[in-house]
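The values are calculated or read from the model by the stated rules, or taken from the named source; none is laboratory data. Keep in mind it's a predicted model, so treat the numbers as computed, not measured. Because the Cβ atoms are built from the backbone with ideal geometry, glycine has one as well, and the counts that use them run over all protein chains shown. Just so you know, the surface numbers come from the protein's heavy atoms only, side chains and all, with ligands and any DNA or RNA stripped out. Shrake-Rupley method; radii C 1.70, N 1.55, O 1.52, S 1.80 Å.
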Amino acid sequence: MGNADTKLSFRKAVIQLTTKTQPVEASDESFWGQFWSDTVTCVQDIFTLIPAAEIRALREESPSNLATLCYKAVEKIVSGAESSCPSSKEQQTVLNCVRLLTRILPYIFEDPDWRGFFWSTLPGQVEESAEPEGSPPLAQSLVTALCDLLFCPDFSVQSGRKSGPDNPEEIQSIDSCEYIWEAGVGFAHSPAISLQHDAHRAELLKLLLTCFSETMYLPPMAEAHVVPNQWINFFTSTENRHALPLFTSLLNIVCAYDPVGYGVPTTTCTGTNHVIVLFFSDMPYLYSHLS
């Protein structure tokens, strides 16, 4: 009964958002917080409780609310990466924001008027930023945070030391080459198995795959495909310090992957690595952009 009640609360929040006739202020944390609270705990709930028709209606009828929802979700993911997600509550918030964007992004990409949204800076951000060039586009902030989270101790990888929620390792100071996910190229030993870490990686990779899929929504005309995919360009650029450790992690997991699993186990791969293998299938193209 309790689980049904929490799903009902989330569904009510979705209905509130899609039926509001006036823009909701970005500062209304109590309202926006409903979308990444612990009322839902799996991606299936997000996809079930947010129908495609309502996302399209929100895009057409309340574009400012859709823009704020996306911005706030990215903001939470970036905040989680910066804090290293030390508590289970912060981890759940990040995961729900990741699931939310995984659900919404295809409906952003299918509309030509929205495709540039993640590559823009929201009004007011440039003025508020202390950086001379202003704030980076939402897309860059999102990809950077997702890559950081893929090597976040006690969230997606085993911590190298006993840190605990009160003293988490700082993502910005770690060397992700020391946290490669599987033994093989560039890494000599297999980390301890953690189904939870594998599940978190899979969620993050699903969102990255969704980001990279923008090209699928372009019209089937040569002119529409002249400009390279900006998401992939940034992901494989030198600005992504995790590009090579991530490639090595994916390569090692694929080489150790056993899809059958019969008889005596020969690998340490878990079920969620199906997603990782799927992600790696795009890697030859993605990493051909690496200089």
Counting only pairs 8 or more places apart or on different chains, how many lysine pairs in segment 1-103 have C-alpha atoms closer than 18 Å? 5
What is the sum of charges around Pro106, taking Lys and Arg as +1, Asp and Glu as -1, for the other residues whose C-beta is under 13 Å from the C-beta of Pro106? +2
Over segment 24-98, give the accessible area per residue in Å² for a 1.4 Å probe, as an integer. 41 Å²
Mind checking the alpha-carbon convex hull of segment 174-258 and giving the volume per residue in Å³? 129 Å³
Tabulate in residue order the Karplus-calculated ³J(HN,Hα) for segment 107-116, using 6.51 cos²θ - 1.76 cosθ + 1.60 with θ = phi - 60°, rounded to whole Hz; enter x for Gly and Pro. 7, 6, 5, 6, 9, x, 6, 9, 4, x
Which value does Rg/Rh take for segment 16-83 over its C-alpha atoms, Rh per Kirkwood? 0.96
Please list, by residue number, every one of the GluC sites (Glu not before Pro) in segment 23-70 that is coil in DSSP and has at most 10 other beta-carbon atoms within 10 Å. Glu25
